[in-house]
Amino acid sequence: MNDILIMIIISLGTLFILLAAIGLLRMPDLYLRISVTTKAATLGVGLILIGLALYYLETSITTRVIAIIVFLLLTAPIGAHVIGRASYFIGVPLWKKTKMDELKGMYNTKTHDLMSGSEEEEEKEKVKEGKKR
Amino acid sequence: MNIDDFLSYIILPILSTSTLLVFIRFLIGPTLSDRVVALDLLITIGISIIAVFSIISHRPSFLDIAMIFALIAFLSTVAFSFYLEKRKRNE
């Protein structure tokens, strides 16, 4: 009974990892690829590690598994955000069917300051000229 | 079906196939950022392969290496993106 449960959980995790790999290969755009890898791969690895914890059922191994899962859940969004931000700055092109680009014109290209859209006119000029800092 | 056979003959081949698919993207990726994302996913799949292999070989100490891999993946992504941004700024 326990073995069947472990098999089901690990199969689900493997399925999600396979879907993440196919998505990374097939998606047309860097930002869509980041979106695929962050969510699906994190869920897949989490499920496989949960299966491993159920297989051993010892305190030390469960602690390590929880540490790895928490670390992955903490770092995957941060890493995706950081690499997406850097790619936007260095000019990685968006997909040609992209409808809207809300960041266009909101970033200062020299100092990498971000405008929120609710600034007054003079603050906007300051950010654009890079004098805010 | 034994759980060891199931993992050896079904799960590990699927994981290897997905590693190959990601590696194709790593080779052909048009920009450097694509390669960084593919490397990140390669290390993440490596963690899961280590977990499955630790069940097959009954050695739970392999999990320490998986933890180190998780650390290194995050570190490499952040370092790559930091220097990508810095290179553009210095030009």
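For the reader, a short list of remarks on this structure follows.
- Of the residues making up the range B:24-52, those that are touching a Leu at 6+ places or on another chain (Cβ under 8 Å) and either more than 7 Å from chain A (Cβ to nearest Cβ) or of a type in the set (Asp, Glu) (or both) are B:Phe26, B:Leu32, B:Asp34, B:Ile49, B:Ile50.
- Residue within the range A:79-95 that is farther than 30 Å from A:Thr111 by Cβ, in contact with a Leu (Cβ under 7 Å, 6 or more places away or on another chain) and aliphatic (A, V, I, L, M) present: no
- Within the range B:1-30, tally of residues that are open to solvent by 30 Å² or more (accessible area, probe 1.4 Å) and at pLDDT 90 or above: 18
- Taking residues in the range B:11-22 that are more than 8 Å from chain A (Cβ to nearest Cβ), and partners anywhere that are among the hydroxyl-bearing types (Ser, Thr, Tyr) and open to solvent by less than 40 Å² (accessible area, probe 1.4 Å), not one pair has Cβ atoms closer than 6 Å while being at least 6 places apart or on different chains.
- Residue, surrounded by the most Cβ atoms within 10 Å (Cβ to Cβ), within the range A:80-96, restricted to residues that are aliphatic (A, V, I, L, M) and not in a helix (DSSP H, G or I): A:Val92
- Flag for A:Thr42 being at pLDDT below 90, in the same structural domain as A:Met7 (by TED's automatic domain parsing) and either within 19 Å of B:Phe53 (Cβ to Cβ) or under 11 Å from the mean Cα position of the chain (by Cα) (or both): no
- Selection within the range B:55-82 - within 13 Å of A:Tyr56 (Cβ to Cβ), without any contact (Cβ under 8 Å) to a residue 12 or more places away in the chain and not basic (Lys, Arg): B:Ser57, B:His58, B:Pro60, B:Ser61
- Those helices (runs of 4 or more DSSP H) lying entirely in chain B with at least 2 residues out of contact with any helix residue (DSSP H, G or I) (no Cβ under 6 Å at 6 or more places or on another chain) and within 22 Å of A:Ile48 (Cβ to Cβ): B:12-28, B:32-56, B:62-90
- Test: B:Thr77 is facing chain A (nearest Cβ under 7 Å) and crowded, with 19+ Cβ neighbours inside 10 Å: yes
The values are calculated or read from the model by the stated rules, or taken from the named source; none is laboratory data. In this text, all values refer to a predicted model and were calculated from it rather than measured experimentally. With ideal geometry, Cβ positions are generated from the backbone for all residues, glycine too; neighbour counts draw on all protein chains shown. Note: areas computed on protein heavy atoms with side chains; ligands, DNA, RNA excluded. Shrake-Rupley method; radii C 1.70, N 1.55, O 1.52, S 1.80 Å.
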